[in-house]
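The values are calculated or read from the model by the stated rules, or taken from the named source; none is laboratory data. Just so it is clear, the model here is predicted, and its values are computed rather than measured. Reconstructed Cβ throughout: ideal geometry from the backbone, glycine too, with neighbour counts over all protein chains shown.
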Amino acid sequence: MIEQNPPLLWVLDYVIPDFQLLGEKITLSGELIIASRQLFSFLQEEIVRSAFIGPGAVKGQVLIKGKPVDVEYLVGAVIFDPTQMRPREPIPILDILNPEILDPLEQASEEQVQEIIRTLMIKKGSVSDSGQILKITTEGGLPKTLIAEQHMVAKNISFVSGMKKARFLLGGQKNRLYTPFKDGLQRNRFSDPSRIWTFRIDNREFEAFSPPKFNEWIIIEMQTIPTEASSSSEVVESEYNSILTYLLGNQESFIF
């Protein structure tokens with residue numbers, strides 16, 4: 001399946017104080033991964049929110065009665081307040097200014113570089129060479145002549161493709177985060193909206209992923225608009241389903 005604007009895998013850190021979980025206000029910190037092909041901007045009266053739409057997973061940890069407790073959710077959207085992304089904020093809620101983008105469709109490229117190799121040749125006795133000659137005499141030993149030779153060598157360097165980078169990072173360093181995302185795709189859990197959530201970073205809570213709720217918002221910025229959708233909730237639903245279909249149709253790139 002080929003798409004002009006395929007989704008990217010976004011891996012982001014977050015720290016959210018006063019998060020509503022288990023009836024308490026606690027600090028939730030961790031990472032999230034979400035497959036999204038664009039950043040949405042929503043408007044409701046004078047409130048502006050940014051959002052990623054697409055299948056994703058949230059892994060975090062909270063302290064309850066002094067003990068660490070793991071938190072894991074499958075999500076269909078991540079919504080946050082863009083004004084809280086400013087560098088002067090003491091605790092950024094979400095690092096959207098410098099996200100780590102893993103592009104599984106990036107192709108490897110090859111580049112030729114020139115490498116200078118310098119060698120020292122050690123010879124004994126007389127040397128008739130017009131190059132750079134260094135003579136060394138050790139106490140009680142024979143004189144040694146060092147000739148500095150320089151060569152220019154062409155080398156081909158192949159850059160690691162985006163797919164290989166993603167597999168290395170997600171399968172290794174980020175495996176704890178990637179596993180629930182991968183399992184959700186393999187077990188088709190993202191196809192049931194009742195089993196996924198909306199990660200409301202702005203409201204500091206998880207909400208049920210229910211597209212009709214997006215009717216309360218007006219979309220003011222997006223890259224592509226689905227032709228079959230009209231309302232905000234229809235746009236979100238169409239975007240989510242389109243990305244999920246793409247992921248499942250390209251499992252060799254996103255599931256490993």
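On inspection, Gly30 fails the criterion of being surrounded by 22 or more Cβ atoms within 10 Å (Cβ to Cβ) and farther than 19 Å from Ile219 by Cβ.
Condition check ((1) without any contact (Cβ under 8 Å) to a residue 24 or more places away in the chain; (2) aliphatic (A, V, I, L, M); (3) over 21 Å from Gln173 (Cα atoms)) across all residues:
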{"site": "Gln38", "(1), (2), (3)": "no, no, yes"}
{"site": "Ser41", "(1), (2), (3)": "no, no, yes"}
{"site": "Ile47", "(1), (2), (3)": "yes, yes, yes"}
{"site": "Gly54", "(1), (2), (3)": "no, no, yes"}
{"site": "Ala57", "(1), (2), (3)": "no, yes, no"}
{"site": "Lys67", "(1), (2), (3)": "yes, no, yes"}
{"site": "Asp70", "(1), (2), (3)": "yes, no, no"}
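Condition test on Asp95, is it among the charged types (D, E, K, R), under 25 Å from Thr245 (Cβ atoms) and at pLDDT below 85? No, not satisfied. Do we find that Gly60 is at positive phi and at pLDDT 90 or above in this structure? When the stated conditions are applied, Gly60 does not pass them. Any idea which residue in segment 1-47 is modelled with the highest pLDDT, counting only those that are charged (D, E, K, R) and closer than 17 Å to Glu72 by Cβ? Within segment 1-47, the match that is modelled with the highest pLDDT is Glu31. If you filter segment 165-188 down to residues that are surrounded by 15 or more Cβ atoms within 10 Å (Cβ to Cβ) and of a type in the set (D, E, K, R), you find that the one that is farthest from Gln20 (Cα to Cα) is Lys165. For segment 191-216, a residue qualifies if it is in contact (Cβ under 8 Å) with a residue 40 or more places away in the chain, of a type in the set (Lys, Arg) and on the phi < 0 side of the Ramachandran plot, and the qualifying residues are Arg195, Arg200. Residue count for segment 151-186 satisfying the condition of being of a type outside the set (A, V, I, L, M, F, W, C), closer than 28 Å to Tyr240 by Cβ and either assigned to a strand (DSSP E or B) or at pLDDT 80 or above (or both): 12.
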